[in-house]
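Presented below is the structure to which this report refers.
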Amino acid sequence: MRALVWHGTQDIRCDTVPDPQIEHERDAIIKVTACAICGSDLHLYDHFMPGMKSGDIMGHESMGEVVEVGRGINGALKKGDRIVVPFTIICGECDQCKRGFFSVCERSNRNKHLAAKAFGHTTAGLFGYTHLTGGYAGGQAEYLRVPFADKTHIKVPESLTDEQVLFLSDILPTGWQAAVQCEIEPTDTVAIWGAGPVGQMAIRSAVLLGAKQVVCIDRVPERLEMARAGGAITINFAEESVIARLNELTAGKGPEKCIDSVGMEAHATATLDSMYDRAKQAVMLESDRPHVLREMIYVCRPAGTLSIPGVYGGLIDKIPFGAVMNKGLTIRTGQTHVNRWTDDLVKRIDDGQIDPSFVITHRIGLEQGPEMYKTFRDKKDGCIKVVIRP
Amino acid sequence: MRYEGPQSRRRGHPDEATDTLARGLGWFSIGLGITELLAGKSLARGLGLTGQEDLIRAYGVREIGTGLGILASDDPTPWIWGRVAGDALDLATLASGLNNRNRQMDNLLIAIAAVAGVTAIDIICADTLSRETRKPLRPLADYQDRSGYPRGLESARGAARDFAVPKGFRTTDLLRPFAG
Ligand SMILES: NC(=O)c1ccc[n+]([C@@H]2O[C@H](COP(=O)([O-])OP(=O)(O)OC[C@H]3O[C@@H](n4cnc5c(N)ncnc54)[C@H](O)[C@@H]3O)[C@@H](O)[C@H]2O)c1
Ligand SMILES: [Zn+2]
Ligand SMILES: [Zn+2]
């Protein structure tokens, strides 16, 4: 089959690779009908996340048709079923899965020792996302092996199109969880850094959950425009002071809830801290650039909440923890517990509260994948979200 | 900076060629700086500037700093002007060797010519960068109609207030309004 394969920094190719096989009795194989490129894939593309190997198949936002099931699936899935595949692989049985903390499933990561070494404990297996999280082949391919498939799937009604449900795999529940864990009150201002796909979903979620004011910060004009279409007030951080504007919008008190949907590749305009980060990153003394985190901590209202869906991989530096502590901030973060939210979200899509396909700007075949990674990374051609039809 | 990544254009610098030139000057600064720092002595000798070794090494540190500044900043303009100022210092220092006791006059003249050439490039680069407009870039595509709410923005506001936040994700009671 053909698949988008990682070969090194900024080197992704459309290769022919062996078809996946059933390896365990709880596996299923799907024929991928649609998959997407995610901001998380960019961290791999730019090689900011450690743990990739040449030959790894990319992709963790996929859906398709079940073409083969293992013996242990026990009727949970059958050939011909149409499923969306959550990016977190879940066993459904461990303590964490039982609590609904699926992204820290204790059993699905087959490289537990690596994750435990890096993070102290294992986290869930993820598709197409480094050997720290299991090194599972991803879904930017014609076929995908889904481990623990009896649990690792989302069934969707036939009445909804692929494009309406594809993002249940990741960015919709990610934006949703980011907003949910802010526990939004009707009096709240929610400030969201990053108007990428995750930020866009977080904006819609915060609006649906009834925030008084949603503010979005980015610098890419067309992304800010899409943010405004979703009901956000926007701040272009290349042109205005984020801190001053946020304080102005909240009578000097700062937003109650802050969401970081940027993650470790944050950019900043000629501020001292960003240069410090770039220099340290260049000589590998720091793996991530926490500019957004610093800004959030500084501007968040005391006793407020920081919700961090943006991905960090390793070490960050110069975090004003004194401000976190003295302001009594709550920090919530994590890879998304996708299946915890999807049943509810399917209903909301079906009900017409939200149609996540609004974010799609590019539709391509697998062969254009490598080129489109670059377009998406460089924010060229108005690119916000790419859907691939293998 | 509209485009992310080390090779990509910087915000407010839609002119890619000048930005590339600026980066080139950044690397040049670092290279020259390292040479001045490590080979201060032989440089001084070769130019007939003996006694100025420490000054040359200090200039090396300055060059490296400027180079890093150019490469690391989103806006290299002030750093390139910094280079222009540095060039003036360099020229003044070189000129101090223009006396008939200097037995390396040929080398010195070549160095002065080279620095003068680089100075011209620096000035052109800094001036072009300074004149670029800081106006926001226009959106590359029109997404004004992409609300994502099939029933419109107004009916979306608060439409999911029915959602009960699960226990593990709720704000701690400590942070709720305190009724007394
Ligand atoms: N927690 C999860 O489960 C989960 C799931 C999906 C994605 N993610 C992460 O969410 C983040 C965003 O993903 P995406 O697909 O939207 O990526 P993206 O790269 O398309 O979007 C990031 C946006 O942040 C903007 N940005 C950069 N620096 C900024 C700054 N200083 N202030 C404000 N905005 C800034 C960029 O211009 C860009 O528009 C990534 O880190 C991704 O890995 C996490
Ligand atoms: Zn993703
Ligand atoms: Zn589990």
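The values are calculated or read from the model by the stated rules, or taken from the named source; none is laboratory data. Since we're looking at a predicted model, the values are computed, not measured. When we count neighbours, we look across all protein chains shown, and the Cβ atoms used for this are built from the backbone with ideal geometry, even at glycine. Just so you know, the surface numbers come from the protein's heavy atoms only, side chains and all, with ligands and any DNA or RNA stripped out. Shrake-Rupley method; radii C 1.70, N 1.55, O 1.52, S 1.80 Å.
If we only count strands (runs of 3 or more DSSP E) wholly inside region A:284-390, which ones have 2 or more residues that are assigned by TED's automatic domain parsing to the domain that holds A:Cys97, open to solvent by 30 Å² or more (accessible area, probe 1.4 Å) and of a type in the set (D, E, K, R)?
Where strands (runs of 3 or more DSSP E) fall fully within region A:284-390, none carries at least 2 residues being assigned by TED's automatic domain parsing to the domain that holds A:Cys97, open to solvent by 30 Å² or more (accessible area, probe 1.4 Å) and of a type in the set (D, E, K, R).
Can you tell me which residues in region A:364-380 are within 14 Å of another protein chain (Cβ to nearest Cβ) and under 20 Å from the mean Cα position of the chain (by Cα)?
Of everything in region A:364-380, those that are within 14 Å of another protein chain (Cβ to nearest Cβ) and under 20 Å from the mean Cα position of the chain (by Cα) turn out to be A:Tyr373, A:Lys374, A:Thr375, A:Phe376, A:Arg377, A:Asp378, A:Lys379.
Consider region A:236-261. How many of its residues are at pLDDT below 95 and not in a helix (DSSP H, G or I)?
6
Could you please let me know if A:Gly64 is under 24 Å from A:Cys14 (Cα atoms) and either away from ligand 3 (no atom under 16 Å from the Cβ) or without any contact (Cβ under 8 Å) to a residue 40 or more places away in the chain (or both)? So that I can check it myself, show each step before the final result.
Details: under 24 Å from A:Cys14 (Cα atoms): yes; either away from ligand 3 (no atom under 16 Å from the Cβ) or without any contact (Cβ under 8 Å) to a residue 40 or more places away in the chain (or both): yes.
Judged against the criteria, A:Gly64 is a match.
Could you check, for region B:118-139, whether at least one of its residues is at pLDDT 95 or above, at the interface with chain A (Cβ under 9 Å from one of its Cβ atoms), open to solvent by less than 100 Å² (accessible area, probe 1.4 Å) and not in a helix (DSSP H, G or I)?
No, because not a single residue in region B:118-139 is at pLDDT 95 or above, at the interface with chain A (Cβ under 9 Å from one of its Cβ atoms), open to solvent by less than 100 Å² (accessible area, probe 1.4 Å) and not in a helix (DSSP H, G or I).
Between a residue in region B:28-51 that is aromatic (Phe, Trp, Tyr) and any residue that is at pLDDT 95 or above, which pairs come within a Cβ distance under 6 Å, given they are 6 or more apart or on different chains?
Listed pairs, sorted by first residue: none to list.
Just to verify a result, which residue in region A:27-56, among those that are away from ligand 1 (no atom under 16 Å from the Cβ) and hydrophobic (A, V, I, L, M, F, W, C), is nearest to the other protein chains (Cβ to nearest Cβ)?
Within region A:27-56, the first condition is being away from ligand 1 (no atom under 16 Å from the Cβ), and the residues that meet it are A:27-34, A:53-56.
Subsequent filtering for residues that are hydrophobic (A, V, I, L, M, F, W, C) retains A:28-30, A:32, A:34.
Values: A:Ala28: 28, A:Ile29: 32, A:Ile30: 27, A:Val32: 24, A:Ala34: 18 Å.
Ranking the qualifying residues of region A:27-56, first place goes to A:Ala34.
Can you tell me which residue is nearest to A:Lys112 (Cα to Cα) among those in region A:158-173 that are more than 16 Å from ligand 1 (Cβ to nearest atom) and in contact with a strand residue (DSSP E or B) (Cβ under 9 Å, 6 or more places away or on another chain)? If you could, list the steps in order and put the result at the bottom.
Looking only at region A:158-173, we keep the residues that are more than 16 Å from ligand 1 (Cβ to nearest atom), and these are A:158-165.
Retained after the next criterion (residues that are in contact with a strand residue (DSSP E or B) (Cβ under 9 Å, 6 or more places away or on another chain)): A:158, A:162-163, A:165.
Details: A:Glu158: 37, A:Asp162: 33, A:Glu163: 34, A:Val165: 31 Å.
The residue in question is A:Val165.
Condition first: charged (D, E, K, R) and within 16 Å of ligand 1 (Cβ to nearest atom). Now tell me which residues in region A:57-101 satisfy that.
Correct list: A:Glu61 only.
If you go through region B:80-101 one residue at a time, do you hit one that is buried (at least 18 other Cβ atoms within 10 Å of the Cβ), touching a Phe, Trp or Tyr at 6+ places or on another chain (Cβ under 8 Å) and over 24 Å from A:Val180 (Cβ atoms)?
yes
Would you be able to say whether some residue in region A:289-298 is away from ligand 3 (no atom under 16 Å from the Cβ), more than 11 Å from every other protein chain (Cβ to nearest Cβ) and closer than 21 Å to A:Gly125 by Cβ?
Within region A:289-298, not a single residue is away from ligand 3 (no atom under 16 Å from the Cβ), more than 11 Å from every other protein chain (Cβ to nearest Cβ) and closer than 21 Å to A:Gly125 by Cβ.
Please enumerate the residues belonging to region A:179-194 that are more than 10 Å from chain B (Cβ to nearest Cβ), more than 16 Å from ligand 2 (Cβ to nearest atom) and crowded, with 24+ Cβ neighbours inside 10 Å.
Once the filter is applied, which keeps residues that are more than 10 Å from chain B (Cβ to nearest Cβ), more than 16 Å from ligand 2 (Cβ to nearest atom) and crowded, with 24+ Cβ neighbours inside 10 Å, region A:179-194 yields A:Thr189, A:Val190, A:Ala191, A:Ile192, A:Trp193.
Pull up region A:112-133, narrow it to residues that are more than 15 Å from ligand 1 (Cβ to nearest atom) and crowded, with 19+ Cβ neighbours inside 10 Å, then point me to the one that is nearest to the other protein chains (Cβ to nearest Cβ).
Filtering first and then ranking leaves A:Thr122.
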